[in-house]
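To start, the structure itself, in structure tokens.
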């Protein structure tokens, strides 16, 4: 049995990332939360107010024998726009930035290499703005944010923003689904 690993990613609203990664084979747990801010124990209201410096992010516990960090990153760069600074769709503010928070040198190197390759191949029409930053304290979001899409699939934001990202994941990564 292999050791579990952690990946922490920010790419807009955490509900979107959480819904996708919860469907991915090898992912054992996904927690929505906040990272890379100045204030301890932030609340959703404070983060959304843009006053804490935190990003909405997900912390993913995964089994590297079933899914690699690189595969998690491939999904990440497919389901969000890594070229819009502090924005994903209508969600605007630094809390919605694109970022990879690496937990060790191997993750940093793999992410840097992938980002370089994406730039070389001109995969995106605009430059990548994804930050590559050492992981800091991760604060889980309030309980009502956890498993949000699974608990509220009919909610408007879930239907119009989360569901299309989940459909894109299914289209490109069907073989990686649970």
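Within the range 15-35, not a single residue is out of contact with any helix residue (DSSP H, G or I) (no Cβ under 6 Å at 6 or more places or on another chain), closer than 17 Å to residue 137 by Cβ, surrounded by 14 or more Cβ atoms within 10 Å (Cβ to Cβ) and free of Cβ contacts under 8 Å to residues at least 40 places away in the same chain.
Applying the criterion of being part of a helix (DSSP H, G or I) and touching a helix residue (DSSP H, G or I) at 6+ places or on another chain (Cβ under 9 Å) to the residues of the range 114-146, the residue that is nearest to residue 59 (Cα to Cα) is 145.
Filtered by the rule that a residue be under 14 Å from residue 126 (Cβ atoms) and not in a loop (DSSP other than H, G, I, E, B), the range 72-83 gives a lone residue, 77.
Condition test on residue 67, is it part of a loop (DSSP other than H, G, I, E, B), surrounded by 16 or more Cβ atoms within 10 Å (Cβ to Cβ) and in contact with a strand residue (DSSP E or B) (Cβ under 7 Å, 6 or more places away or on another chain)?
Details: part of a loop (DSSP other than H, G, I, E, B): yes; surrounded by 16 or more Cβ atoms within 10 Å (Cβ to Cβ): yes; in contact with a strand residue (DSSP E or B) (Cβ under 7 Å, 6 or more places away or on another chain): yes.
Here the answer is yes, as residue 67 does meet what is asked.
The number of residues in the range 39-55 being outside any loop (DSSP other than H, G, I, E, B) and touching a residue at least 60 places away in the same chain (Cβ under 8 Å) comes to 1. Residues in the range 147-162 that are surrounded by fewer than 17 Cβ atoms within 10 Å (Cβ to Cβ), touching a helix residue (DSSP H, G or I) at 6+ places or on another chain (Cβ under 8 Å) and assigned to a helix (DSSP H, G or I): 150, 157.
A single member of 70, 89 is at positive phi and in contact (Cβ under 8 Å) with a residue 40 or more places away in the chain, and it is 89. Of everything in the range 84-113 that is in a strand (DSSP E or B) and touching a helix residue (DSSP H, G or I) at 6+ places or on another chain (Cβ under 7 Å), the residue that is surrounded by the most Cβ atoms within 10 Å (Cβ to Cβ) is 100.
Readers should treat all values here as calculations from the given coordinates under stated rules, not as data from a laboratory. This is a predicted model, so every value here is computed, not measured. Quick reminder, even Gly has a Cβ in these numbers, built from the backbone with ideal geometry, and neighbours come from all protein chains shown.
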